[in-house]
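Taking it in order: structure first as structure tokens, then the write-up.
FYI, it's all coordinate maths here, none of it is from the lab. Keep in mind that what you see is a predicted model, and the values were worked out from it rather than measured. Neighbour counts are summed over all protein chains in view; Cβ atoms, including those assigned to glycine, are modelled from backbone coordinates with ideal geometry.
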């Protein structure tokens, strides 16, 4: 078990190093008329994304206020299209 934990720890450390490199390169590569995160910027502010990650990327929501996603009909359509998946 210790080997798996050590591997996981090393993998996490590697990903954190890669993330740091990407953050530095993204910060230096951005040259728009407004800073990332500004309402006119096509580039989001990475710090805001990280800070609000749970809120923005939580997959547990099954509804959006004011929007009817009609899951029942979507499931019916999925079953209808399923035979065509192999094509």
At a 10 Å Cβ-Cβ cut-off, how would you order 43, 67, 12, fewest neighbours first?
67, 12, 43
Compute the acute angle (0 to 90°) between the alpha-carbon long axis of helix 71-81 and the principal axis of greatest extent of the alpha-carbon atoms of the chain; round to the nearest 10°.
80 degrees
Classify the range 2-61 as rounded, prolate or oblate, taking a ≥ b ≥ c as the square roots of the eigenvalues of its Cα gyration tensor: rounded when a/c is under 1.5, otherwise prolate if a/b is larger than b/c and oblate if not.
oblate
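Output the relative contact order of the chain, whole-number percent, from Cα pairs under 8 angstrom with separation of 6+ residues. Show your work: numbers first, answer last.
Details: 20 pairs, mean separation 7.5, N = 87.
Relative contact order here is 9 percent.
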Measuring from label point to label point, each 7 Å out along Cα→Cβ, what is the residue 46 to residue 3 span in nm?
3.5 nm
